Amino acid sequence: MSMSKHFSKKLVGVLLLVIVTGLLAGCYPDHPQSTFDAHGPVAESQLNLFYLIFGVAALVFVIVEGILLFTAFRFRRKPGDGDPYQNHGNTPLELSWTALPVVLLAIVAVPTIQTIFDNANSPLTPEQGGMVIDAVGVQWWFEFRYQDPTDPSRTIITANEMHIPQGEVVNVNLRSRDVIHSFWIPKIAGKVDMVPNNPNQMWIRADSPGVFLGQCAEFCGESHALMRFRVVVHPTVEEFEQWLINEGSPAEAPRDPLAIRGQEIFEGDAQCWACHTVLGTDRARGRVGPSLTHFASRTHIAAGLMENNQENLRKWISHPGDVKPGNIMARDARAYNDPEFQLSEEEISALVRYLQTLR
Ligand SMILES: [Cu+2]
């Protein structure tokens, strides 16, 4: 065998190893978006279904490849062999390799259809007193709406962080304000599409407290890959309601001079107020962007993208289009598209300070 042939064989071997390792790493349950680490009944049923179908497929693979390899070796051409026996068709064989897959698919269909119905039918519907959250997909962030526990006629609107109590069935109404998105919390449930003008429903239940990552799972434009959210699971209903009541309360007015200056800019020429709501202020009632009433209590900025700290907030307010290409704030806010209204460093500092007071 020549050197180069030997070398290329080795190379193929190494490449295969790299690819297989990469693929296997995707199954590692510690990954924050691994579906192999289910924390709720919906994700669990989907995982079990995956194992079953994968098992059946693996069995078929081993049998078919086994027969193929056996035949190739056992009946391989030897020196001096003439032409093999020529035949055409074999009815019993053809019937069996048509019927067998039909039977296998029918067997797989039973748990599949059962899981689809189980996941579509909430075990505790809103009519039966189950909790409801409206989730709205927007390019490229998520709005969440809750019923106020102290005043059922009122809606509490928040963004990018969905909070739920552990162990409770939550009915989620899925809507979209612009294009098709898909709602996916890999460790808890998914995916169901958010379709404009065609509300969908799903139910979820998280069985352990903590923070779980979510992600839009339907290509929805330039920054689709940056459209994330977090699900915060509170260990008790009381803790959850405490969060919700705080979320529904007005923002505290800023006290230090820099933050007060920030609010003036926010509600002034920078026109942040036109797209953002800050409850408790007279001016900020905008609905185009996420509510910022309790922005500082969120752990991440720009739909789960960066940690919510001073440096990142500065980056976002200075150049939102660099952080999230094509986003509506960078495109339509005059602070970013009209040089006359460009924010100065001092104005950005004041805005950052103001936003950091919104707990
Ligand atoms: Cu999307």
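The numbers here are math on the coordinates, done by the rules we state, and not lab data. Since the model is a prediction, treat every value here as computed from it, not as a measurement. Positions of Cβ are backbone-derived with ideal geometry, glycine not excepted, and every protein chain shown enters the neighbour counts.
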- Test set (1) out of contact with any helix residue (DSSP H, G or I) (no Cβ under 9 Å at 6 or more places or on another chain); (2) under 30 Å from ILE188 (Cα atoms) - GLY66 fails condition number: (2)
- Filtering segment 62-96 down to residues that are of a type in the set (A, V, I, L, M, F, W, C) and under 30 Å from GLN46 (Cβ atoms) yields VAL62, ILE63, VAL64
- Note on the structure: Among the residues of segment 83-106, the number that are among the charged types (D, E, K, R) and either within 41 Å of the chain's Cα centre (by Cα) or outside any loop (DSSP other than H, G, I, E, B) (or both) is 1
- Subset of segment 276-285 (residues that are crowded, with 17+ Cβ neighbours inside 10 Å and touching a strand residue (DSSP E or B) at 6+ places or on another chain (Cβ under 7 Å)): THR277, ALA284
- Single unsatisfied condition, LEU305 versus (1) free of Cβ contacts under 8 Å to residues at least 24 places away in the same chain; (2) within 16 Å of the ligand (Cβ to nearest atom); (3) within 22 Å of ILE348 (Cβ to Cβ): (1)
- Message: Can you report the number of residues in segment 269-296 which are part of a helix (DSSP H, G or I) and either closer than 20 Å to VAL233 by Cα or touching a helix residue (DSSP H, G or I) at 6+ places or on another chain (Cβ under 7 Å) (or both)?
- Response: 4
- Here are some residues: PHE144, PHE73, PHE117. Which one is of a type outside the set (Lys, Arg), within 26 Å of ASN197 (Cα to Cα) and surrounded by fewer than 10 Cβ atoms within 10 Å (Cβ to Cβ)? PHE117
- Note on the structure: Given the conditions (1) touching a strand residue (DSSP E or B) at 6+ places or on another chain (Cβ under 6 Å); (2) without any contact (Cβ under 8 Å) to a residue 60 or more places away in the chain, every one holds for ALA159 apart from (2)
- Message: Given the condition assigned to a loop (DSSP other than H, G, I, E, B) and on the phi > 0 side of the Ramachandran plot, answer yes or no: does some residue in segment 69-82 qualify?
- Response: yes
- Kindly state which helices (runs of 4 or more DSSP H) lie completely within segment 297-359 and contain at least 1 residues that are within 14 Å of PHE266 (Cα to Cα). 310-318, 328-332, 334-337, 345-356
- Message: Under 7 Å between Cβ atoms, which residue pairs at least 6 apart in sequence (or on different chains) link something in segment 222-238 that is touching a residue at least 60 places away in the same chain (Cβ under 8 Å) with a partner that is of a type in the set (Phe, Trp, Tyr) and within 11 Å of the ligand (Cβ to nearest atom)?
- Response: SER223/TRP140; HIS224/TRP140; LEU226/TRP140; MET227/TRP140; MET227/TRP141; PHE229/PHE142
- Query: Filter segment 244-268 for residues that are part of a helix (DSSP H, G or I) and surrounded by fewer than 18 Cβ atoms within 10 Å (Cβ to Cβ); which is nearest to the ligand (Cβ to nearest atom)?
  - Reply: ASN246
